[in-house]
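Heads up: the structure comes next, in structure tokens.
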Amino acid sequence: MSRITLIDPQTAGISGDMLLGALVDLGAELKAIEQVVDLIPRHFPRCDSISLDTKEVIRHGFRSCGVEFRISEKSDESDASELVDAAHGISDSSSLSKEAKSFAAGSIRTLTEVESKLHGAEVSHVHLHEAGSADTLADIFGVAAACDLLHIFESDIYSTPVAVGGGSIRFSHGTVSVPAPAVLEIVRQYGIPIKGGPVSEELATPTGVAMLANLTPKFLDGYPSMVPDRVGYGAGRKEFAEVPNLIRCILGRTEEESLVSETVQVLETNIDDVSGEILGHALQRVLESGAKDAWVTSAQFKKNRPGHVLHVICTSNDARKIAETIMAETGTLGVRYQEWNRFVLQRETVTVEVTFDNKRFNVRVKVAKDKSGRVVNIKPEFEDVQSIARSLSRPTREISSLILQEANRLK
């Protein structure tokens, strides 16, 4: 069984504070997050102080967690190198895991490299605007700490497509269409699926998609097969009339699977003009040709003619060969086929040595196990049981029972 984390930004997009709010709502301890965030003023000269507040927020009747950083910082712009240096200092001073530090460094790198590309300048000379504040560091390191606390880096992380909104936004570089250039460049580089709407507002921020890009490469149109254990909701700052401005994060696990699934071919043909001897021989020939199973059922055909239907289960590779055998042995003019999925136990045949009347015999035993290796069923090969019973002049039921006693030691 493995753990699964699902991030769901398909309704109202993603931002740093929304994602952090959802993780806090999932149970990430606030004090442990604050211990990491409190390191920011020590390593980012522009920031004088920072504190984290959380509150319950209602969006369209749904309860969620809202987070807000109260920051005192200088108003002048910082360059990318300052943000990178601060991130290194915070990481080195923190007790974050290696995975959390890598996530934080990757998210900062994604943001700064995208700004470098968009402005045509080296990272060391790129001036950051909105992304260059202490709020960016707080979002990223807050999420890194929360993911550590929830053991998310140890899970399989998935995301649904990101709603980016619509319309236009005005920021330091003027008015541009949604999504913002930095958002569009990040999703292009990382292959993140997006969709417009459902409101004419900016729903996905550069920091939000940068973190998502460094959390997972796995994006699904729907939810993965999972058993949800906990659900957290993070609130965006705005209230929308059309949809609740929330991101949803789910912690769960894969459903424990004891059975193996496989695909087989099922062949069928109607037979109403051959004798029982020929039909019995055809059944035997089909099994010798590699069929997994074969059987005959009685049927009533047109003009009230009684007959039989021959059914065969086989692999795709053997289907054509077995169909030819059926036609050759029965004279039928056609064989239907279709693909079926089925659950099966893992099977193997082992040899067990048994002693009866001071005589030793080797008996083939079929052992069926589930996916975890637990023995579910044991059955001795009937031909071997029958041979021993005949040689000892004893009932097959008695011999079979004694063999099973010996074989059960395999468990």
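Only the coordinates and a few stated rules stand behind these numbers; no lab work does. Treat the numbers as computed from the prediction; the structure is a model and nothing was measured. Don't worry about glycine lacking a Cβ; one is built from the backbone with ideal geometry, like all the others, and counts go over all protein chains shown.
The C-alpha atoms of the chain define a longest principal axis, and helix 181-190 lies at about 30 degrees to it. Near E381, the amide H atoms lying under 5 Å from its own belong to R364, V365, K366; only residues 5 or more places off or on other chains count, and H is placed 1.01 Å from N. Placing a label point 7 Å from the Cα of R360 along the Cα-to-Cβ direction, no residue of the stretch 372-394 has its backbone N under 17 Å from that point. Sequence-ordered 3J(HN,Hα) estimates for the stretch 204-219 from the Karplus curve with 6.51, -1.76 and 1.60 and θ = phi - 60° stand at 10, 9, x, 5, x, 6, 5, 5, 4, 4, 8, 8, 7, x, 9, 10 Hz, glycine and proline given as x. Electrostatic bookkeeping for S159 treats Lys and Arg as +1 and Asp and Glu as -1; over the other residues with beta carbon under 14 Å from its beta carbon, the sum is 0. Each peptide in 182-193, 297-308, 218-229 was scored by the mean count of other Cβ atoms within 10 Å over its residues; highest first, the order is 182-193, 218-229, 297-308. Relative to the longest principal axis of the Cα atoms of the chain, the long axis of helix 98-119 makes an angle of roughly 60 degrees. Each Lys and Arg adds +1 at its Cβ and each Asp and Glu adds -1 at its Cβ; summed about the Cα centre, the stretch 260-344 shows a dipole of about 240 debye.
Cross-linked pairs K31/K117; K74/K218; K359/K379; K218/K379; K74/K117: Cα-Cα separations exceed 32 Å for K31/K117; K74/K218; K218/K379. For the stretch 376-383, putting each phi into the Karplus relation 6.51 cos²θ - 1.76 cosθ + 1.60 with θ = phi - 60° gives couplings of 9, 8, 10, 9, x, 5, 5, 4 Hz, in residue order, rounded to whole numbers and with x for Gly and Pro. What residues qualify as long-range amide H neighbours of C65, i.e. H under 5 Å apart, gap of 5 or more or another chain, H built at 1.01 Å from N? For C65, whose amide H was placed from the backbone, the distant partners under 5 Å are V57, Y233, G234, A235. Angle of helix 134-149 to the longest C-alpha principal axis of the chain, folded into 0 to 90 degrees and rounded to 10: 30°. The calculated 222 nm mean residue ellipticity attributable to helices in the chain amounts to -11000 deg cm²/dmol, summing -39500 (n - 2.57) over DSSP H runs of n ≥ 4 and dividing by all residues.
Computed over the chain, relative contact order equals 18 percent, with contacts defined as Cα pairs under 8 Å that lie 6+ residues apart. Computed about the Cα centre, the dipole magnitude for the chain is approximately 2000 debye when only Lys and Arg (+1) and Asp and Glu (-1) carry charge, each at its Cβ. Couplings 3J(HN,Hα) for the stretch 390-406, derived from phi with the Karplus relation 6.51 cos²θ - 1.76 cosθ + 1.60 (θ = phi - 60°), are 5, 5, 9, 6, 10, x, 5, 4, 5, 4, 4, 5, 5, 5, 4, 4, 6 Hz, where x marks Gly and Pro.
Distant-in-sequence amide contacts of V178, defined by a placed amide H-H separation under 5 Å and a gap of 5 or more residues or a different chain, comprise G167, S168, I169.
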